[in-house]
1. So, Ala24, is that one modelled with pLDDT under 80, surrounded by 11 or more Cβ atoms within 10 Å (Cβ to Cβ) and not acidic (Asp, Glu) or not?
2. Take segment 152-180 and flag every residue that is assigned to a strand (DSSP E or B) and among the hydroxyl-bearing types (Ser, Thr, Tyr).
3. Based on this model, can you work out whether Ile197 counts as closer than 21 Å to Asp76 by Cβ and either in a strand (DSSP E or B) or more than 17 Å from the chain's Cα centre (by Cα) (or both)?
4. Do you know which residues across segment 37-58 are in a helix (DSSP H, G or I), within 28 Å of Ser162 (Cβ to Cβ) and not aliphatic (A, V, I, L, M)?
5. In the set Leu187, Leu167, which member is in the same structural domain as Lys100 (by TED's automatic domain parsing), under 19 Å from the mean Cα position of the chain (by Cα) and aliphatic (A, V, I, L, M)?
6. For segment 126-166, name all the residues that are of a type in the set (Gly, Ala, Ser) and within 25 Å of Glu191 (Cβ to Cβ).
7. When the residues of segment 175-189 are narrowed to those that are surrounded by fewer than 17 Cβ atoms within 10 Å (Cβ to Cβ) and not aliphatic (A, V, I, L, M), which ends up nearest to Tyr78 (Cα to Cα)?
8. So, in segment 76-86, exactly how many residues are more than 19 Å from Leu173 (Cα to Cα) and in contact (Cβ under 8 Å) with a residue 40 or more places away in the chain?
Amino acid sequence: MTIALLIYLIAPLFLVGFMYLSGARSWRPLVTVPVAFYSLPVLVVIGFYLLRTPIQQGKYLAELGPILSLIFPPEDLYIPLAVKELAEGRSEYTLDFGHKYVGHHAVEISVPGKAPFGKIEQELQVLLEVLEGDKLLYRDGPVKGSGFWGRNDHGLHFTRYSVTEDLPVSRPLTARIAVSGNLDAFLKGREGATIGITKVSDE
């Protein structure tokens, strides 16, 4: 990386020197070449910024979407795509949704409010099936979750997958989620807990 940076910084100077030794005496080309060369990265960054939304949504250059979402995160990036409230005695949930951005997604159990200090004790597992119409596109689980702690909520993430590697973007899909384990015990003292599909960090 350091060598590439040095080459980038020195190359225009060598080019200007070569032009001068070749007989160029006008100041315009001698100044224009290094200015244009050094301005190129800035123009590239501006171009990616202006085109960030369609790239993040996978309309083209989808492989760059997760990187641009880390640098220029959309305001709605982490808003759940579909949510249902968890209920005692109910273990299966169906969600209709569509992916808005490329990158990593997960099944999320979210509990309003800040988490109590320490580990989120749980023995829950989740099985995820994603369908497009009647066609099964993706299946994973049952898997245990990993805890997360946010400003306004806390909970668990399960079965992390990638858009567009595992599932498509911008197409209507249906998620069938089966929760196993003692869900009723988990819900005690966790009023308003929900389950849904959400975008997660691409780090």
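1. Values: modelled with pLDDT under 80: yes; surrounded by 11 or more Cβ atoms within 10 Å (Cβ to Cβ): yes; not acidic (Asp, Glu): yes.
Yes; evaluated as a whole, the condition is true for this residue.
2. Listed by number, the residues that qualify are Thr159, Tyr161, Ser162, Thr174, Ser180.
3. Details: closer than 21 Å to Asp76 by Cβ: yes; either in a strand (DSSP E or B) or more than 17 Å from the chain's Cα centre (by Cα) (or both): yes.
Considered against the rule, which asks whether it is closer than 21 Å to Asp76 by Cβ and either in a strand (DSSP E or B) or more than 17 Å from the chain's Cα centre (by Cα) (or both), Ile197 comes out as yes.
4. Gly47, Phe48, Tyr49, Arg52, Thr53, Pro54, Gln56
5. Details: Leu187 fails: under 19 Å from the mean Cα position of the chain (by Cα).
Testing whether each residue is in the same structural domain as Lys100 (by TED's automatic domain parsing), under 19 Å from the mean Cα position of the chain (by Cα) and aliphatic (A, V, I, L, M) leaves just Leu167.
6. Of the residues in segment 126-166, the ones of a type in the set (Gly, Ala, Ser) are 133, 141, 145-147, 150, 155, 162.
Once the filter is applied, which keeps residues that are of a type in the set (Gly, Ala, Ser) and within 25 Å of Glu191 (Cβ to Cβ), segment 126-166 yields Gly145, Ser146, Gly147, Gly150, Gly155.
7. Arg176
8. From segment 76-86, those more than 19 Å from Leu173 (Cα to Cα) are 76, 85-86; that's our starting set.
With in contact (Cβ under 8 Å) with a residue 40 or more places away in the chain added as a condition, the list becomes 85-86.
Total satisfying the criteria: 2.
The values are calculated or read from the model by the stated rules, or taken from the named source; none is laboratory data. The structure presented is a predicted model; accordingly, all values stated were derived computationally and were not measured. Every residue, glycine as well, gets a Cβ built from its backbone with ideal geometry; the counts of neighbours run over all protein chains shown.
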